[in-house]
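Before any comments, here is the structure.
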Amino acid sequence: MLPALPFVAVSRARRAALVLCGIVFLTAAKVPEISRLDTTPLASRTLVVATPTDAYPLSYANESGQTVGFSVDLLDAVAHTEGLKIRRVSAPMDELYRRFDNGEFDLINLYSVPIQQPLAVDSSDPFLVFHGALYIRKNLDDVRTLADLSQVDMIIVGTSSIGEQMIHDHHVVPREIRRCNTIDEAFHLIERNEADVVYASRAIAASIIERDHLKNVRALPIVPQGYERRHSFAVHKGDPLGVLAALNDGLATTNRDGEYARIYHAWFGRYETQVFTREEAILYATIFLALALAVTIFALIRQRGLRKRVSKQARLLVENQALLAEAQHLAHLGHWRYDAIRRTLFCSTEMLRIFERDPKHHLLTYWRLLSLVPKGSRAGPSHDASRIGRRHGGRTHARRFTTTRSAQGGSH
């Protein structure tokens with residue numbers, strides 16, 4: 001057994017040496033790549049950008065084959081602001097993602113952040129946050145709630161789809177699930193009656209429906225909340241080139257100087273007629289109606305209190321007039337008032353009684369009243385009337401007359 005020990009020892013040593021050599025070899029193989037990524041200054045590097053051709057209207061190939069879109073214009077603006085040099089490589093999104101994972105690109109022009117999913121990249125600050133809706137065939141009148149999706153064929157776009165997350169959260173199992181790569185493809189499947197429903201961002205859906213003149217697609221009135229789609233730029237995990245800070249600074253600058261708003265309006269401005277979702281509109285309408293009801297109730301209460309005060313004041317006025325009439329009757333004292341502008345005369349009840357006139361049938365004029373005044377007292381009020389008539393003023397003149405009863409019952 002002893003002669004066999006050196007053989008065993010040598011075999012183990014050789015194996016350890018081979019493993020060590022393999023580790024050294026793999027490490028050495030990685031060194032050039034890391035050195036290539038880290039040593040070149042960012043200002044001197046031309047960033048290779050993966051630019052999707054199938055994400056209308058964010059990044060797509062137009063009729064002439066040129067890649068255009070909102071995120072394309074935005075990255076151009078950011079690169080110009082930060083002094084970055086870029087070179088685009090255009091291809092379908094799934095192909096670009098595979099090639100990005102293999103290290104062919106430095107940057108992804110458009111990365112849609114899936115909800116509740118770990119990221120394989122580091123993404124910039126979101127430059128778009130889109131709310132979504134469910135889009136169905138127009139003749140599917142029986143689909144009104146999320147639970148009704150169990151009766152239809154649903155399209156799931158890509159992997160880690162928000163639509164897939166939504167039906168999972170609400171425990172909905174569609175009759176059949178079909179998968180496709182792009183929203184464009186999903187809408188055309190619905191248009192041809194080959195599928196029933198898909199979840200999509202509203203602004204993107206509106207763009208596709210308008211561009212392709214789709215007639216067989218409509219949005220459901222229900223809008224699930226909490227399923228926003230966030231779009232950003234993306235770099236390799238760990239940001240080995242240090243480009244992420246430049247991208248975020250560029251986004252902040254374009255937002256401050258108004259360039260972002262200009263680009264956004266050019267691509268999505270005409271689709272922003274619907275400011276609120278249906279649930280938001282219902283909430284705001286409810287708040288408005290509640291406020292209107294509160295204001296109405298307050299006004300009714302205030303009006304009721306005002307009516308009570310007016311009624312009380314009218315009652316007091318009547319009582320005061322009755323007390324005045326009674327006091328004048330007891331004192332055999334009457335009063336009168338003449339409006340020189342309107343030429344109207346008011347005499348109290350006691351005044352008419354003193355002059356033996358029935359207030360219901362014997363209306364007096366001012367000059368008729370003067371004829372009843374004793375002759376020695378007529379000059380004063382006549383002069384007052386003439387002066388008031390000339391000036392049209394609002395002055396008050398007080399005159400006191402004393403009348404005596406004759407034996408025949410008349411007064412003078």
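Numbers at a glance
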quantity	calculated
Distance between modelled label sites at Leu345 and Asn255, nm, 7 Å Cα→Cβ extension	8.6
Residue-span extension gain [Asp125 to Leu42] - 0.36 nm each, minus C-alpha spacing	27.9 nm
Sequence of Glu82, Glu185 once ranked by neighbouring C-beta atoms within 10 Å, starting from the fewest	Glu185, Glu82
Separation of the Arg179 and Val318 label points, Cα + 7 Å toward Cβ, nm	8.8
Cα-projected label distance for Ser64 with Gln225, points at 7 Å along beta-carbon direction, nm	4.6
Computed lengthening from Arg368 to Val89, 0.36 nm per intervening residue step minus Cα-Cα distance	89.4 nm
Exposure proxy order (Cβ contacts within 10 Å, fewest to most) of Met166, Met154	Met166, Met154
Leu283, Leu251 arranged by Cβ crowding within 10 Å, fewest neighbours leading	Leu283, Leu251
Stretch gain in nm, segment His329-His170, where the contour uses 0.36 nm per residue and the Cα spacing is subtracted	48.4 nm
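Every number here is computed from the coordinates shown, using simple stated rules; none is lab data. This one's a predicted model, so the numbers in the text were calculated from it and none came from an experiment. Glycine gets a Cβ as well: all are built from the backbone with ideal geometry, and neighbour counts include every protein chain shown.
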